[in-house]
Each structure stands twice: as C-alpha cells, then as structure tokens.
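The values are calculated or read from the model by the stated rules, or taken from the named source; none is laboratory data. Note that the coordinates shown come from a computational prediction; the quantities given were computed from them, not determined experimentally. Every residue, glycine as well, gets a Cβ built from its backbone with ideal geometry; the counts of neighbours run over all protein chains shown.
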Amino acid sequence: MINRRLTLTQRRALLGIFFILPWLIGFVFLFLTPLIESVRFSFSVLQVTPDGFTLAFNGIENFRVALAVDPEFNRVLTQSVLEMVYDVPMILFFSLFTATLLNQKFRGRSVARAIFFLPVILASGAVEAAQVSGLIQLTGSAEAAQELEQQQMGFDPMMVVRMLGNAGIPLWFVEYIAEAITRIYEIISSSGVQILIFLAALQSVPSSMYEVAKIDGATAYESFWKITFPMVSPLILTNVIYTIIDSFADSPVTQRIYQTAFVSQNFGLSAAMAWLYTIAVSLLLIIIGYLISKRVFYYN
Amino acid sequence: MDAKLLKSEAIVYRYHRVKNKSMAWLWSFFRLVLIVGIGFIIIRPILERISVAFKSPEDIYNPTIYMVPIHFTLDNVKHAMEILNYWPLLRNTLLFVILTTLLATVSSALAGYGFARFKFPGSNLLFAFVVLTILVPASTLMVPMYLHFRSFDVLGLVTLFTGREGLNLINTYWPSLIMAALGVGLKSGLYIYIFRQFFRGLPKEIEEAALIDGAGGIRTFLTIMLPNSIPPIITVMLFAFVWQYNDTFYASLFMNNSELIANSIAALPANVNQKLPQLLGIVGTEARADPNHAAMIVDTGILMAIAPLIIMYLFVQRYFVESVERTGVVG
C-alpha cells in the first residue's frame, strides 16, 4: 500500500484535493478552458461549421470593430458602466439604512423583514423583459412605452428638484436625489441581498458596545457613526462587489454581446466585446476596492 | 434653598423625560411611515397583478375601480394557463430547477469543506480562482461554452467510440446540470464561498475527536460536518433555487427552445397577441384582441410564473433570514 508510506499531512492534502475534485474538474474544463478559448476567439474570425468551428487569426481587428466601427457598443458600454457607478452609492445607502431600520425592535418586525426580502425572490430578468416588451407591444413604440411608464408614477420629480434647489443644495446632488426618487422601485428591488448582508453584520456587533456608549452619554446618531458604521464597514466592500456583479446579468452590454454572438453570428466580435466589458468592470472593481479598503476598519 | 433646588431639579428631570418620550414616539411614528411606505412599494406590483388576474375585461375602462374589481372572473387565469401551457411548463421547470439546486449544493458543499479545512499545495491560489469565477461575467465564457456543449466530448471519448464529432447537448438540461454538478454553474462560486466561511467558523475539535476515534475524512464530513451545517445548506439551496428559477441568461443560451418558465415568460407578450384572438373566438386575418385585454393576460401570466416562488417564500421566509444570519456570510 502506497498510502501507508504517506505522512499524515500528505494524506490530509490528498483528502482535501479529493473534496475539491469536482470543482477542480469543472474549473479546468468549464471555466479555464473556455476563458482561454475566449481570448483566442477574440483575436480571430470564427466560422461555425456543422461539426464544430474553424478559426482564422485576424489580430486586433475585432477590438477595433467593437470600439471604432460598431455603432452602439461604445455607448452601451460607457452607459452601463456609468450607471453602475451611479447606482452603487444609492443601493448601498438604501440597504444600510433599511438594515438599520429592520434591526431595531418594533412590533411586526418579522412581517416587515419578510416583505423587504421579497425582492430577492422576485428579481427576475424574465419578468422585467415581459413587462417592457408587453408595454412596447401595447403602445407600438418604445418611446411611448417609456412615457407611459413615467406617467404611471403619477409624481413629478421636478417638484423635488426645485424645492431642494431653492434650499441651496448643490444642483448635482439634487439631481442625484431626484433620480433616486424616480427609480426607487428599481433601487429597492435590487438591494435585497445587500440588506440581508448588512443585517447579518449589524447583528454581529456586540450589544455591550452600545450600552457603554449610552452610559457615556452618546446619542443614537453618534453611536451609529462611531460604532455601527465602523463595525459594518468591511461589509460595504462586499456589498459593492456584489452590487456590481449583480448588475452583469441583465445589463444592456450583456444583451448586446449575446445578440452579436447569436443573432448576427459574429462570435469573434462578441468575444472581443465581452473582454472589453470584463476589463472595464475589473478596472472599476480594482479602483473602488482600493478606495474603500483604505478606509475600512477591521475589528479583529 | 435646598427644597427650591430639588424642585427645579425635579422639573428638569421631568422635562427631560417628556422630551425623551416624545422623541421616541416621534421616531417610531416616522419609522412606521417609512416601513409601511417602502413595504407598499415592494408589494404593490403583486397586489396589482392579483387584482388584474381576477378582473373581468368589462372593468378595464371603468375609472372608478382601484385594485378591487367589480366583476370577478377566472377567465384571465384560464387564458393565461392555456397560452403558457402552465402545468407541464411548471413541472418541467421545477424538475430542472430542483435537480440543479441539489447538484449545486452538493458540489459547493464539498468544495467549501475542502477549502476550509485542508492545506494542500496551491490551496490558496485555487481559492483565489473560486473568487475569480465569481467576478468574471458569464458573457465572457458564453461563446466557448456554447460551442463546447454543441459538440460535447470528454477527452475525445465520444469521437473514439462513435466516430462522430461529440454530442449536441444544446436544448437539453445537461449543460446546466453538468455545470452545477461541477461547481461552476450559476453563482456557484458564491455558494462555495458561503460554505467555506461557515466551515471555517466551526470548531476544529469535533473533527479531531472524530479522527482520533477512527473516522475517515469522508465519514467525518458526512456524519459530523453536514448535520451541523444546516444553516448554510438552507441558504445555498434557497438562493440556488430562486436564482436558477429566475435565470434567463443560461436558459436562453443553452435551452432556448426548452419549456422553461423563464423562456416562456419572456416570450409571453408576443404569444398572447398571437393566440388571444383565437381563444376569444375572434376570426379573420386582421383579428386583434383589445391591447388592454392582452396586457391583462400578460400580467396574469407573470403572476402565475412567480406564484410558486411566492408560495414557497411564505413557508421558508423565516429560515431565510435566520440562516443567512447564522451562516456567517459576514465572517
């Protein structure tokens, strides 16, 4: 028996590899291989044949087409990256606020929690698509549908803009708030998991800290900024990353990439677009991660 | 003098008490308004759809109706069921989703345990790769995956035995099932992460005791670790179920023609416009149903698609919050 001659450490290592083996196989064959192939595709012209495909190398042509020739890709890419930057603070603020609210003790808390996590269950791209296309088919045009949707809100955001503007708050901030108000449903429905994560973090803050602060005469406001906020700050990074990843699934860029591949059958271009998207998002993640992790407070 | 001081102190004390109490009352009132308001925003779409589902078409143009219809009917539900082909569709979807959920849970629990408790060469690097699988957008791997599953082959075995170019697995359940079983499916990286965090939080002593008593690694995992890890199992299963049920990306990539709720709902508006006139008995080439009526059927269809999730949620929502809290996602 070879096994007899192995040391305990070696046997444990083998056992560990045994446990991760399914994942390792999947990772090598269904993640790493496609990843490398995707790089190859992005530098080639891909022709699908009945029994497979052929590749012809064409340098950076695909990237050039994606950035300089394709009429939409640039716009869609910048738009959805900007939207991400725009949405992240709103979602973070809203979810932290809601988590703090739901962490307090009041009657009907469990019902409130159940309702607030409902969006986690119902966040469905399919339903959204059906709603939008349903409206478009109803009215015959995308623009009319959009107008109709705004009318249904039954609320004029300009009112808020004017009011806050008169109060002397900088205009960009007012616009941001107005945007947040008009899109409140989207923000609420995409912050379910974030609320869940923040809530779990809030519950892990030792209550003795609050007691001490209270005895020393701190107000609720002070104890939020001096205790709660630093204690949950590591989770802010987690939530930022989660929010960004979550927006991949049905972002316009993803749809554009999908259509380039399966509607116009231009697989090489699609791969190039996907890589540009990945690079843009990774840069964003690195920048945000760096900025936040400098300020994060680690308790342990 | 003393008595006077005491009196004024008493007044100050009473003043503070009243102030504190009224502030507390104000805050809880404010909180109530906020919670009810946000809660209403969240459930309004569902309430509206329920109202629409039982509303008779006569009531569409009655402006006095808000939410509660005057003429109740089950016709909308019937039409939507017929157009969606509801029961077979639901059965297919549930079968597919439950299978992937189970496979994803098993594979990610194994991997999570492996990463949490064992040191082997490159274990840290491999775990960094797990995080990488979470971060890379699925659209990057889309084309190679599609081609890979279009002519699926394990190390050339299929070609060796049948001489053909591999199996075409597109439009079957296999691509998603294989990916789930190998822990690289929809958000599997996240599940592995959840399991790893949880297992790292469990005390090592139990395992050491089991090891000393002569249990092997696999037996320790099955009899000691798994029974103790109900919270992450529930969390992962819930998320896997819900996300797989709602997923449109892989559904349209691998199973564009399959009967799945995600696909059918996305195509529902077009189908309703096409089939509703026949169901209503309108004939002729120019036959079109009232668009508002069609919209009602679409809304009803959407409600019926999310109904299984809502019903499930009513039963499990308690565990949902609790188990996420105890999983140590936060860790």
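Would you check which residues across the range B:245-275 are away from chain A (no Cβ under 11 Å), out of contact with any Asp or Glu (no Cβ under 9 Å at 6 or more places or on another chain) and assigned to a helix (DSSP H, G or I) and list them? Please lay out each step first, then the result.
The initial filter retains those residues of the range B:245-275 that are away from chain A (no Cβ under 11 Å), namely B:254-255, B:257-259, B:275.
So of that shortlist, the ones also out of contact with any Asp or Glu (no Cβ under 9 Å at 6 or more places or on another chain) come out as B:254-255, B:257-259.
The one that is away from chain A (no Cβ under 11 Å), out of contact with any Asp or Glu (no Cβ under 9 Å at 6 or more places or on another chain) and assigned to a helix (DSSP H, G or I): B:254.
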> In the range B:97-131, what residues are of a type in the set (Ser, Thr, Tyr) and surrounded by fewer than 21 Cβ atoms within 10 Å (Cβ to Cβ)?
Replying inline: B:123
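Do you know which of the residues in the range B:171-186 that are outside any helix (DSSP H, G or I) and more than 9 Å from chain A (Cβ to nearest Cβ) is surrounded by the fewest Cβ atoms within 10 Å (Cβ to Cβ)?
If we take residues in the range B:171-186 being outside any helix (DSSP H, G or I) and more than 9 Å from chain A (Cβ to nearest Cβ), then B:171 is surrounded by the fewest Cβ atoms within 10 Å (Cβ to Cβ).
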> Of all residues in the range B:98-137, how many are closer than 24 Å to residue B:238 by Cβ, β-branched (Val, Ile, Thr) and facing another protein chain (nearest Cβ under 7 Å)?
Replying inline: 2
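Test residue B:141 against the stated conditions and say whether it is modelled with pLDDT under 90, under 25 Å from the mean Cα position of the chain (by Cα) and either part of a helix (DSSP H, G or I) or within 14 Å of chain A (Cβ to nearest Cβ) (or both).
Yes, satisfied.
Select the helices (runs of 4 or more DSSP H) contained entirely in the range A:188-249, then report the ones holding at least 3 residues which are free of Cβ contacts under 8 Å to residues at least 12 places away in the same chain. Lay out the reasoning, then the answer.
On the way: elements: A:192-203, A:207-215, A:220-223, A:229-246.
Qualifying helices (runs of 4 or more DSSP H): A:207-215, A:220-223.
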>> Just to check your reading of the model, which residue among A:253, A:240 is within 9 Å of chain B (Cβ to nearest Cβ) and within 28 Å of residue A:286 (Cβ to Cβ)?
In response: A:253
> Is at least one residue of the range B:41-48 modelled with pLDDT under 85, closer than 30 Å to residue B:281 by Cα, surrounded by 15 or more Cβ atoms within 10 Å (Cβ to Cβ) and among the charged types (D, E, K, R)?
Replying inline: no
>> Step by step: first the residues of the range A:53-69, then only those that are under 30 Å from residue B:182 (Cα atoms) and surrounded by 12 or more Cβ atoms within 10 Å (Cβ to Cβ), then the one that is farthest from the other protein chains (Cβ to nearest Cβ). Which residue is that?
In response: A:55
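Let's see how each residue does on (1) over 18 Å from residue B:190 (Cα atoms); (2) at pLDDT below 85:
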site	(1), (2)
A:244	no, no
A:278	yes, no
A:287	yes, no
A:298	yes, yes
>> What pairs come out if I take residues in the range B:167-194 that are aromatic (Phe, Trp, Tyr) and pair them with residues that are crowded, with 23+ Cβ neighbours inside 10 Å whose C-beta lies under 6 Å away, six or more apart or interchain?
In response: B:191/B:108; B:191/B:236
> Which condition number does residue A:43 fail, the rest of (1) on the phi < 0 side of the Ramachandran plot; (2) more than 9 Å from chain B (Cβ to nearest Cβ); (3) modelled with pLDDT under 80 being met?
Replying inline: (3)
>> Quick check on the range A:270-282. Is at least one of its residues farther than 28 Å from residue A:64 by Cβ and either facing chain B (nearest Cβ under 9 Å) or β-branched (Val, Ile, Thr) (or both)?
In response: no
>> If the requirement is being surrounded by fewer than 21 Cβ atoms within 10 Å (Cβ to Cβ), without any contact (Cβ under 8 Å) to a residue 40 or more places away in the chain and not aromatic (Phe, Trp, Tyr), which of these qualifies: B:134, B:70?
In response: B:70
